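I have placed the structure first, in the form of structure tokens, so that the comments after it can refer back to it.
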Amino acid sequence: MCVMTKGRYLSLGFVFLVYCTTCTTSKGATGDILPDSLPSVPGTLPHFMKEPEDAYIIKSNPIKLLCRAVPALQIFFKCNGEWVHQNEHVSREYMDQNTGLKVREVLINVSRQQVEDFHGPEDYWCLCVAWSHLGTSKSRKATVHIAYLRKNFEQDPQGKEVPIKGMIVLHCRPPEGVPAAEVEWLKNEELVSSLTDDNIDTRADHNLIINEARLSDSGNYTCLASNIVAKRRSSTATVVVFVDGGWEEWSAWTLCSVQCERQRRRECNDPPPRHRGKMCDGPSDTTENCTGGMCTQSMDGSNDVALYSGLGAGIIAVTVLVVAVMLYRKNQSDYGVDVIDSSALTGGFQSFNFKTTRQGVADRAEYHAAKGHPPETFPRGLNRDYSNSTVERRSTKKGLLTPNGPHLNPNKDQLGTTGVFGHLGGRLVVPNTGVSLLVPHGAIAEDPSSEMFMVINQGESSVQTEEGFEILLGPEVTYGPPSIDLSRPVAMTIAHCAEVDADNWNVQLKRKTQDNKWEEVMSVEDESTSCYCLMDSSSCHLLLDQPGSYALVGEPLTQAAVKRLKLAVFGSMGSTPMDYSLRVYCVDDTPHAFQGVVATETCRGGQLLEEPKILPFRGNTFSLQVSIQDVPQFLWNIKPFTTCQEFSFSQVWCSNQQPLHCAFSLERYSPTTTQFSCKISVKQVKGHEQILQVYTSVAESKKESVLFFMQTDCTVTSQTGPKAFKIPLSIHQRICATFDTANTKGKDWQLLAQKLHLDRNLLYFAKQQSPSAVILSLWEARHQDTGDLDSLASALEEIGKIQSKSTVAKSHEEPESDSVHHFGTRSPDNPVCGMGELTNHETANSVPEYTS
């Protein structure tokens, strides 16, 4: 038996009218039931006539949420799982005239501050709960957002020049906003829509597509983005629909003239060129003989005079030509055989030997070298094959012979160097690649010497990376031979293109196994005893004791991970004298990757038009756009579909040292135009932008190439013995003798590593027979370009000061003989004792003796 009783329930500042049911079961149990779980008995539960709807807060204006239910004794709101206070409810009750039931309506306000202060796993939400005599009902959840629309478009439409009946696609990505912005298109400030023009499609992901371009489609187009907050306008894109001229049919032949010729004409008006379209190719008129070569028409006396006059002039011209040839031959014989370049016969490039009357030509000769020696004046940084090809081209212009043809296509998969090393060690360098190998003193046994090699993989990398995650940060390098026995680790340097940050990158060293698979050796941030990895801003220095193939692989941890791109623009004449081509390269910022660009442009005869620039490219999944701007419009014309070009994110991010490039085709209106200028914009969407400013002359006689490389050691590939090292051997040995053995003052190799800023992964040094020697090898590899011995001297000086402080209290005792004094203390006569004479000019044969 059940009995309904009426009661009140107080919670969070408001009173519930609670209709509880006391039920006596067969066992005699009773209980009070709370409002959220009233028993379901036959009858009518509250029915919502109006539920709260999703809403957006605009600026600082609060929004209103409304709930209406019948029959309902009470209605209250719950937001984010908590009851809204009773005082915040505005309610009213009225009678439904149709049903005779009481309708209850409740309203609350939600402010911007409330939404901003909420930090939960979901969006800010509210629902309402209605009570009746028979139970409760819950409405749907309504979410509340703060509405906004950012100012900048993620992608603005770009101007285009398209041929008539071609397809026009204008891209537009509106600014970020809540709610998402809707896009409309304006042409010359008037709305365009696919509803009024079947040739236009505005439904494809905010883009505007014109299926077949018409002349009337030329104009200024603007992308208009709007939501409930604001409207935004993109930059204006100018679309030009051009028409190339076309011939109509030839006219009829004219009658034969007195010269036995007839003519016909045609006009370039089918259609005529419009909107900077091209003129028709070919002649507008043509002439042919109309008697089959047999002219039989009669001539009057005037024609006879003309005929004889012509014959006389011809005879005189032939006579003059014969005399000129004879005089020329006599003049040439006066020079003897010296006019012929003897280098063409001897097989070497020798100095040109001209008579005194041609001494000016000899003074301008650009390549002078004795037989058997290569020329040394070719642009630094280019291989010797390039210089030979340049000599051949210039010699050809001067009418000279060359003994060897150009070698512009070396084996693409081979780029490396070799050297023979003994106990004194040495260094291998692949010029202009940022890759080198230091073989330290004592790494190879006394006898016999060993030939070592280092090779960079020029083809597509065999490193297997996880798609979309890992990328190659530098070239894949192999050193060997595999059978070489090393008693000390070698130091390999590989240039990389990452902006190193442990929070954004996980950089790993990988090695190829015998079955041609790649295995991880270590992460550069980890401790390891098998190898050592030191990441500088642009190079990675590795200590390795096992020959093989190695590669640096980077895994971005966040979208803030950045790799550096080197941007370069090259130019050359096109297929016709009126055409000019610009090529913009985007390549990983390593010397090796850029050398591939140089090799390609060398073969094309391209010129570097601007100093290369660096662009930080973020791992934010956005594409790279390359556009040409500020072209002199009355002097030059950009060919269609080349004004703005785009690389997808994956193309750039996963290029793996392979260069990307795009070309801009230009045409000058007049052959008298000899100067060209423009700006090249290279920009990552939602990222950085770089501008390449181009000023160049297209006149052949005025071209000047920009040097590609400027390194002073660009032709050095192998050094052996002491000359390969910055630190003289005697100093190296003394430092090792001093620091390899720990003493009571703590001046062991760990202090040396600390002062040289190499005090990470000390376990690796600890396992070496001479930790100090390995530390100095790493220092040598790190400073091979600068040769900065001052930093080493300063480190030893600091260690000497530590020693001096520890012996102040013993100033009256017997002087200590610690050998640190030989390197690290200053005196009036010797600013840095021992190290004061340690300069970049010392060699193995001029190492001074050092005394205390």
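The values are calculated or read from the model by the stated rules, or taken from the named source; none is laboratory data. These numbers were taken from a predicted model, which means no experiment stands behind them. Glycine also receives a Cβ, built like all others from the backbone with ideal geometry; neighbour counts cover every protein chain displayed. Areas reflect the complete protein model, heavy atoms only, side chains present, ligands, DNA and RNA absent. Shrake-Rupley method; radii C 1.70, N 1.55, O 1.52, S 1.80 Å.
Going through (1) open to solvent by less than 30 Å² (accessible area, probe 1.4 Å); (2) within 25 Å of Thr478 (Cβ to Cβ); (3) out of contact with any Gly (no Cβ under 6 Å at 6 or more places or on another chain); (4) touching a residue at least 60 places away in the same chain (Cβ under 8 Å) one by one, Leu542 falls short only on (4). Restricting region 133-169 to residues that are in contact with a Gly (Cβ under 9 Å, 6 or more places away or on another chain), more than 27 Å from Val106 (Cα to Cα) and not basic (Lys, Arg), the residue that is surrounded by the most Cβ atoms within 10 Å (Cβ to Cβ) is Leu149.
Conditions tested, residue by residue: (1) at pLDDT 90 or above; (2) over 22 Å from Glu689 (Cβ atoms); (3) among the hydroxyl-bearing types (Ser, Thr, Tyr).
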{"position": "Pro640", "(1), (2), (3)": "no, yes, no"}
{"position": "Cys644", "(1), (2), (3)": "no, no, no"}
{"position": "Val652", "(1), (2), (3)": "yes, no, no"}
{"position": "Ser655", "(1), (2), (3)": "no, no, yes"}
{"position": "Ala663", "(1), (2), (3)": "yes, no, no"}
{"position": "Thr672", "(1), (2), (3)": "no, yes, yes"}
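Within region 771-786, being surrounded by 19 or more Cβ atoms within 10 Å (Cβ to Cβ) and assigned to a loop (DSSP other than H, G, I, E, B) holds for one residue alone: Gln784.
Every listed requirement among (1) at pLDDT 60 or above; (2) touching a Ser or Thr at 6+ places or on another chain (Cβ under 7 Å); (3) assigned to a loop (DSSP other than H, G, I, E, B); (4) of a type in the set (S, T, N, Q) is met by Ser819 save one, (1).
Residues checked against (1) within 30 Å of Ser770 (Cβ to Cβ); (2) not assigned by the TED database to the domain that holds Pro771; (3) not in a strand (DSSP E or B):
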residue	(1), (2), (3)
Gly419	yes, yes, no
Glu446	yes, yes, yes
Ser462	no, yes, yes
Thr478	yes, yes, no
Leu486	yes, yes, yes
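Among the numbered conditions (1) assigned to a helix (DSSP H, G or I); (2) surrounded by fewer than 16 Cβ atoms within 10 Å (Cβ to Cβ); (3) modelled with pLDDT of 85 or more, the only one that Ala753 does not meet is (2).
For the subset of region 264-285 comprising residues that are touching a Pro at 6+ places or on another chain (Cβ under 9 Å) and of a type outside the set (D, E, K, R), which member is most open to solvent (accessible area, probe 1.4 Å)? If you could, list the steps in order and put the result at the bottom.
Filtering region 264-285 for residues touching a Pro at 6+ places or on another chain (Cβ under 9 Å) gives 266, 277, 279-280.
From what's left, of a type outside the set (D, E, K, R): 277, 279-280.
On the way: Gly277: 17, Met279: 128, Cys280: 21 Å².
Step by step, filter region 264-285, then rank; the result is Met279.
For region 585-593, the condition of being free of Cβ contacts under 8 Å to residues at least 12 places away in the same chain and open to solvent by 20 Å² or more (accessible area, probe 1.4 Å) holds for none of the residues. Looking across Ser549, Ser581, Ser528, Ser575, one residue alone is surrounded by 15 or more Cβ atoms within 10 Å (Cβ to Cβ) and either at pLDDT below 90 or in a loop (DSSP other than H, G, I, E, B) (or both). It is Ser528.
Report the residue count in region 501-525 for those that are charged (D, E, K, R), under 24 Å from the mean Cα position of the chain (by Cα) and either surrounded by fewer than 19 Cβ atoms within 10 Å (Cβ to Cβ) or over 19 Å from Tyr764 (Cα atoms) (or both). I'd like the intermediate steps shown before the answer.
At the first step, the residues of region 501-525 found to be charged (D, E, K, R) are 501, 503, 510-512, 515, 517, 519-520, 525.
Keeping just the survivors that are under 24 Å from the mean Cα position of the chain (by Cα) gives 501, 503, 510.
Within this subset, residues satisfying the condition of being either surrounded by fewer than 19 Cβ atoms within 10 Å (Cβ to Cβ) or over 19 Å from Tyr764 (Cα atoms) (or both) are 501, 503.
Final tally of qualifying residues: 2.
Would you mention how many residues in region 475-493 are within 20 Å of Asn516 (Cβ to Cβ) and crowded, with 17+ Cβ neighbours inside 10 Å?
Of all residues in region 475-493, those within 20 Å of Asn516 (Cβ to Cβ) come to 475-483.
Add one more test, that the residue is crowded, with 17+ Cβ neighbours inside 10 Å, and what stays is 475-479.
Looking only at that region, the number is 5.
Annotation: of all residues in region 182-207 being part of a loop (DSSP other than H, G, I, E, B) and touching a strand residue (DSSP E or B) at 6+ places or on another chain (Cβ under 8 Å), the one that is surrounded by the fewest Cβ atoms within 10 Å (Cβ to Cβ) is Glu189. Counting only residues that are farther than 13 Å from Cys586 by Cβ and small (Gly, Ala, Ser), region 637-684 holds 4 of them.
Quick check on Ala498: is it open to solvent by less than 20 Å² (accessible area, probe 1.4 Å), touching a strand residue (DSSP E or B) at 6+ places or on another chain (Cβ under 7 Å), farther than 30 Å from Ser665 by Cβ and at pLDDT 90 or above? Give the steps one after another, and end with the answer.
Values: open to solvent by less than 20 Å² (accessible area, probe 1.4 Å): yes; touching a strand residue (DSSP E or B) at 6+ places or on another chain (Cβ under 7 Å): yes; farther than 30 Å from Ser665 by Cβ: yes; at pLDDT 90 or above: yes.
So Ala498 fits the description; yes.
Being over 23 Å from Asp54 (Cα atoms), of a type outside the set (Gly, Ala, Ser) and not in a strand (DSSP E or B), is that true of even one residue in region 137-150? So far as region 137-150 goes, no, none of its residues is over 23 Å from Asp54 (Cα atoms), of a type outside the set (Gly, Ala, Ser) and not in a strand (DSSP E or B). Thr236 satisfies every condition listed in (1) open to solvent by 70 Å² or more (accessible area, probe 1.4 Å); (2) more than 34 Å from the chain's Cα centre (by Cα) except (2).
Just give me the residues in region 639-672 being in contact (Cβ under 8 Å) with a residue 60 or more places away in the chain, assigned to a helix (DSSP H, G or I) and crowded, with 16+ Cβ neighbours inside 10 Å, in sequence order. If the condition is that a residue be in contact (Cβ under 8 Å) with a residue 60 or more places away in the chain, assigned to a helix (DSSP H, G or I) and crowded, with 16+ Cβ neighbours inside 10 Å, then Val652, Trp653 are the ones that fit.
Among the criteria (1) closer than 17 Å to Lys141 by Cα; (2) at pLDDT below 50, the one Gly7 does not fulfil is (1).
Suppose we filter Pro39, Pro46 for residues that are over 60 Å from the mean Cα position of the chain (by Cα) and either modelled with pLDDT under 90 or at positive phi (or both); which single one remains?
Pro39
Contact map, region 431-443: residues that are of a type in the set (S, T, N, Q) paired with residues that are part of a loop (DSSP other than H, G, I, E, B) and surrounded by 24 or more Cβ atoms within 10 Å (Cβ to Cβ), Cβ distance under 7 Å, separation 6+ or inter-chain. Pairs shown: Thr433/Pro475.
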